[in-house]
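Scroll down for the structure; my scribbles are underneath it.
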Amino acid sequence: MSESKIINDFVIKFANVNGSGSASANQMFAKGVFRMGIPVSPKNIFPSNIQGLPTWFEVRVNEKGYLGRRDGVDIAVIMNPQSYNQDIKELIPGGYLIYDSSWERNFDRTDINVIGIPIIKMCQEKFTNIKQRQLFKNIVYVGALAALLDIDIEVYKGLISEQFQGKEKLIEPNITALMLGHDHIKDSLISCNIKIEKRNKTDDMILISGNDASGLGCVYGGATICSWYPITPSTSLPEAFAKYSEQFRKDPISGKNNYAFIQSEDELAAIGMVIGANWNGARGFTATSGPGISLMSEFLGLAYFAEIPLVLFDVQRGGPSTGMPTRTQQSDILSCAYASHGDTKHVLLIPSNPKECFEFSATAFDLADQLQTPIIVLSDLDLGMNDWSTKQLEWNDSKNYNKGKVLSKEDLDELEDFGRYLDVDGDGIPYRTYPGTHPDKGAFFTRGTSHDEYARYTEDGKINAENLKRLVKKFSTASQFVPGPLFNQEENNSNLGVIYFGSTDVSMQEALDTLQDMDIQLDGMRIRAFPFNLEVWEFIEDHDLIFLVEQNRDGQMKTLIMAEGGISAEKLVSILCYDGQPITADLISSKIRDYLLSNSEQLAVSGK
């Protein structure tokens, strides 16, 4: 077993029983490391049932900032005998197994370090309340880990005091439990070669989930209405909006809400109410996941064709059907890009971290008003529900909302001719009015059936075709407004490229660094929106072979690029992950390396 010291670079995994109250203790451990100045990436891996089945909580600690999921566990805290066999297999040789030795047992592996702590026994001796004995065992192992890893115990005492602010009676027993574990390790002289050393790598960072950041972004983006129906993993996004609205959208004098938060009877009602709110000039949104997108598709088509602003969040999960509701995937790309029947195309924003979740959420409302169309923000479970170490959120208070082409009463008085769907400026975007703007002129016509430029019903196929053509022009205009791609290099250096998007970003830099160590140089581009703008097509044009990294089975982004740009399938090589776990840097780099090795002769002949 290795005796060399490992500093600020390890993976720890907690194995618990779902519903045992472990998540908050595991989260507290991660926050403690973060407050020691080291970036962390906690991931809650939980079953879709309410209580009883195994649940895991994994934390990657890495001061270099490599925070994508990594295979192999350095420290396993196993509190659930039901999953012992699986948990022990994941430990790397030389790793540490920490278990509750109130009932001692032997483990088959001799290449790991086993640390037994009589956690239940200590809790029984210290606490008389049965519920406290159950809950505090989680705090005991946090205290033990603090001692093992040399984390300042005062950090956790501070976190406990913050967590139970307003419930002071709970602070003292929690600290007692914390010190039980801490003192046991110190008194037993148990040692560990994995250590935490204080750094300042998190000075300008916060720990926040994508859904929480998105909910706050909606408030800053001017949203006053949320209509939603609960579904994992999107539920915490509208809940965050409600939390922040309670803080920021209360009338300071009357105390009344300046927002509406409506839990509707189903997904159809949720999106229908939001479309109505936006039609009236408010900024409203709904949030859902894959099954909800399927149910909302008909209304998405209405908003697209009637040209009504709408913001919709899709926090993707494992599909199809009910699928794996508590696992992550990027498998709604095509269903969102072309949602609804007939010829439709929707604008997608694809954030990669909580800071972008905040920014893109606010941007989505401006884009929806500018373009008068649905804007879908595509996140996923890993990004949405887990806390990420991310740059601090920033907002410019001087920013004004862009409401797009809205005519006032004075505008209408000066106009001789107003057509709701007239393309006056040649960009495909018509002018609109809010209901009640003018007593007898410019009533806000809107129509989901075929219509002419004045919103009059028509069954003239040629007129309808012209309208559809204008909508394509508007979609093309949208490519100038949406966030452009980001590149890993100032100038392209290779004839090989890699395209990725969304939460995959967190694993990409590590993957590219690994490939560079193998003398494999790739240029990288992260897509952040659809429709794709010119820079995306130029990057594809500039490279002979491009790897496309996606977390779905069918290479949906590859299909979208091929369909929209007429790109040859041979030019794009899919690197796919769809097991419900966040993609790892090792998977990306090894698949790219293996492809290049197995196709080296063919690539040399073709000059790639």
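Suppose we keep only residues that are closer than 21 Å to SER20 by Cα, open to solvent by 60 Å² or more (accessible area, probe 1.4 Å) and of a type outside the set (D, E, K, R) within the stretch 138-172. Which one would you say is farthest from the chain's Cα centre (by Cα)? For the stretch 138-172, the residue satisfying everything is LEU170.
Within the stretch 434-443, the residues that satisfy the criterion of being surrounded by fewer than 18 Cβ atoms within 10 Å (Cβ to Cβ) and at pLDDT below 85 are PRO439, ASP440, LYS441, ALA443.
Of all residues assigned to the stretch 372-395, at least one qualifies as being farther than 20 Å from MET557 by Cα and free of Cβ contacts under 8 Å to residues at least 40 places away in the same chain.
Among the residues of the stretch 234-247, at least one is in contact with a strand residue (DSSP E or B) (Cβ under 6 Å, 6 or more places away or on another chain) and within 24 Å of TYR338 (Cβ to Cβ).
Being open to solvent by 20 Å² or more (accessible area, probe 1.4 Å), under 18 Å from GLY448 (Cβ atoms) and small (Gly, Ala, Ser) is a property that holds for GLY276.
Residues in the stretch 225-273 that are assigned to a strand (DSSP E or B), of a type outside the set (Gly, Ala, Ser) and open to solvent by less than 50 Å² (accessible area, probe 1.4 Å): ILE225, CYS226, TRP228. Reported count of residues in the stretch 482-540, each being farther than 16 Å from LYS558 by Cβ, open to solvent by 10 Å² or more (accessible area, probe 1.4 Å), of a type in the set (D, E, K, R) and under 25 Å from the mean Cα position of the chain (by Cα), is 5.
All of (1) within 27 Å of GLU359 (Cα to Cα); (2) surrounded by 14 or more Cβ atoms within 10 Å (Cβ to Cβ) hold for ASN400 with one exception: (2). Taking the stretch 349-371, which residues are outside any helix (DSSP H, G or I) and either aromatic (Phe, Trp, Tyr) or crowded, with 23+ Cβ neighbours inside 10 Å (or both)? Selection gives LEU349, ILE350, PRO351, SER352.
Residues in the stretch 23-50 that are assigned to a strand (DSSP E or B) and at pLDDT 90 or above: VAL40, SER41, PRO42, LYS43, ASN44. From the set of residues in the stretch 308-324 that are closer than 15 Å to ILE45 by Cα and not basic (Lys, Arg), which is least open to solvent (accessible area, probe 1.4 Å)? Selected residue: GLY318. Of all residues in the stretch 225-252, those satisfying the criterion of being β-branched (Val, Ile, Thr) and either touching a Ser or Thr at 6+ places or on another chain (Cβ under 8 Å) or modelled with pLDDT under 95 (or both) are ILE231, THR232.
If only residues of the stretch 197-224 that are outside any helix (DSSP H, G or I) and aliphatic (A, V, I, L, M) are counted, the one that is surrounded by the most Cβ atoms within 10 Å (Cβ to Cβ) is ALA223. Each residue in the stretch 353-370 was checked for being over 16 Å from the mean Cα position of the chain (by Cα) and of a type in the set (Phe, Trp, Tyr), and 1 pass. When we screen SER4, SER20 for residues that are hydroxyl-bearing (Ser, Thr, Tyr), open to solvent by 40 Å² or more (accessible area, probe 1.4 Å) and part of a loop (DSSP other than H, G, I, E, B), the only hit is SER4.
The values are calculated or read from the model by the stated rules, or taken from the named source; none is laboratory data. Only a predicted model underlies this, so the values are computations on that prediction, with no experimental measurement involved. Reconstructed Cβ throughout: ideal geometry from the backbone, glycine too, with neighbour counts over all protein chains shown. Quick note on the areas: whole protein, heavy atoms, side chains included, nothing else; ligands and nucleic acids left out. Shrake-Rupley method; radii C 1.70, N 1.55, O 1.52, S 1.80 Å.
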